[in-house]
Amino acid sequence: MLVITGASGQLGRAVAAEVAARRGGEGLVLATRSPAAVADAIPGAEARRADFGDPASLADAFAGADGVLLISTDDIADRATGQMAAIDAAKAAGVGHVWYTSMLSPEPGNPAIIAPSHWATEEHLRASGVDHTIVRAGFYADFQVYEAAASAASGEFVHNRGRGRCAYLTRADIARTLAALLVAGGRAGETLSLTGTESLDAVELAARYAEVAGRPVEPVEIGDEELLEALGGSTEGHNQYGARLTVSIGQAIRAGLLDLVTDTVRELTGSAPEPLEAVLARHAAAIRQRG
Ligand SMILES: NC(=O)c1ccc[n+]([C@@H]2O[C@H](COP(=O)([O-])OP(=O)(O)OC[C@H]3O[C@@H](n4cnc5c(N)ncnc54)[C@H](OP(=O)(O)O)[C@@H]3O)[C@@H](O)[C@H]2O)c1
């Protein structure tokens, strides 16, 4: 029996659909805080309640599982505790293999504010004694569509990345790679890095945004504090965390920590990830509308 946590999220749904396409929905458990939302999502699959903040729910959700995919949560401020509790629950339930969705280069020293929680979870998993595979995923190419649209609208791509590079890939490519891994099994003790095909810096990104938008986009590099201010990071409230996240990811890119291209998606699935250019082209109408 295979359990996928976070099964009502976008990645969780996509992985579950890809797993079902490969081996059917029987023996697949969709574990989520909202089981009603996925009750009919996959014929033959079972929906169970699982909340990383509620250990009792995890014991029930993982009962009888041979493998569990732990999808990192979006509770970025305080997710390590719950994710580590989920690893403990998988161990207590006698789960044979755990997969965890981490980020590229989460080691201490990475300035991205999402890195420490991924690293703490990875370390907990390595120390758990449970067979596991850590899947470090690159940043979503899907989000570059919004960046391209905003750049098209203003004519500027404002950033703090220096000449650092990043190889984006779609959530869909991450999902089908995870599904291939889950269905194939094995790879215990490995840490895999999933990236796009091309590592691009801000100048190259701005050129691609300009091309799809059909109008000039100027790359404009500014300092961290200036970018934080521009994104509303100095004001209290919802924006603040998102602004700090964006600035800290820019710092990680500038430090070269995301400049990695692997062939792992193709090796595991048989086909390369969709290039960023193709992703932007699929959304050209929306990007141009803002330009
Ligand atoms: N590589 C990237 O660029 C990138 C970008 C954004 C996010 N991420 C990471 O990848 C994850 C999946 O992305 P997504 O696109 O599917 O995001 P999403 O649609 O926002 O999903 C958020 C996920 O967090 C789960 N979650 C939140 N609180 C939880 C809790 N207390 N216990 C268990 N699960 C909890 C949700 O599960 P349920 O609601 O089903 O319980 C859901 O699967 C994110 O949560 C984040 O860690 C990566």
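Could you give the accessible area per residue of the stretch 26-178, probe 1.4 Å, as a whole number in Å²? Present the calculation step by step, with values, prior to reporting the outcome.
Details: 5730 Å² over 153 residues.
Using a 1.4 Å probe on heavy atoms only, each residue of the stretch 26-178 averages 37 Å².
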Residues of the stretch 134-176 with the amide nitrogen closer than 18 Å to a label point 7 Å from the Cα of A285, along Cα-to-Cβ, please. 145-146, 149
Could you tell me which residue out of A150, A272, F139 lies farthest along the dipole of the chain toward its positive end? Charges go on the beta carbon: Lys and Arg +1, Asp and Glu -1, centred on the Cα centre. A272
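Report the relative contact order of the chain, percent, no decimals, based on alpha-carbon pairs under 8 angstrom and at least 6 residues apart. Walk me through the numbers on the way to the answer.
On the way: 611 pairs, mean separation 54.2, N = 291.
Worked out over the chain, it gives 19 percent.
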Simple spin-label model, 7 Å along Cα-to-Cβ: D88 to S271 in nm? 4.3 nm
Per 0.36 nm of contour for each residue apart, how much would the distance between F143 and L245 grow if the chain were fully extended, relative to their Cα-Cα spacing? 35.4 nm
Restricting to the chain, compute how many DSSP beta bridges are antiparallel as a %, nearest 5. 5 percent
Measure nothing but the geometry: give the 0 to 90° angle between the long axis through the Cα atoms of 115-128 and the longest principal axis through the Cα atoms of the chain, rounded to 10°. 20 degrees
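Just subtract the alpha-carbon distance of D131 and S34 from 0.36 nm times their residue separation and send over the number in nm, one decimal. Walk me through the numbers before you get to the answer.
Numbers: separation 97, 0.36 × 97 = 34.92 nm, distance 2.78 nm.
Full-extension gain reported as 32.1 nm.
Leaving ligands, DNA and RNA out of it, report the carbon-plus-sulfur percent of the accessible area of the chain at a 1.4 Å probe. Mind showing how you got there, number by number?
Working: 6280 of 12440 Å².
Whole-percent figure for carbon plus sulfur exposure: 50.
Hey, what did the stretch 44-166 get for relative contact order, percent, Cα under 8 Å, at least 6 apart? Spell out each step's value before the answer.
On the way: 155 pairs, mean separation 26.3, N = 123.
21 percent.
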Nearest 10, in degrees from 0 to 90: the angle of helix 10-23 to the longest Cα principal axis of the chain is 50 degrees
Give me a comma-separated list of calculated 3J(HN,Hα) values for the stretch 73-84, in order, Karplus coefficients 6.51, -1.76, 1.60 applied at θ = phi - 60°, integers in Hz, x for any Gly or Pro. 8, 8, 7, 4, 5, 8, 9, 4, 4, x, 5, 5
Cβ crowding within 10 Å averaged over residues, with 250-258, 218-226 ranked highest first: 250-258, 218-226
Would you mind computing, in nm to one decimal, how far apart the modelled labels at A230 and R215 are, each placed 7 Å from Cα along Cα→Cβ? 1.7 nm
Among G214, L194, V183, which residue has its Cα furthest toward the positive end of the charge dipole of the stretch 175-216, with +1 on Lys/Arg Cβ and -1 on Asp/Glu Cβ? V183
Tilt, helix 142-154 to longest principal axis of the chain (alpha-carbon atoms), in degrees rounded to tens, equals 20 degrees
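Using 0.36 nm per residue of separation minus the Cα-Cα distance, give me the extension gain between A207 and D78 in nm, one decimal. Could the numbers behind the result be given before it?
Values: separation 129, 0.36 × 129 = 46.44 nm, distance 3.69 nm.
That pair, A207 and D78, stretches by 42.7 nm at full extension.
The values are calculated or read from the model by the stated rules, or taken from the named source; none is laboratory data. Computed from a predicted model, the values in this text were never measured in an experiment. Ideal geometry is used to build each Cβ from the backbone, glycine not excepted, and the neighbour counts take in all protein chains shown. Note: areas computed on protein heavy atoms with side chains; ligands, DNA, RNA excluded. Shrake-Rupley method; radii C 1.70, N 1.55, O 1.52, S 1.80 Å.
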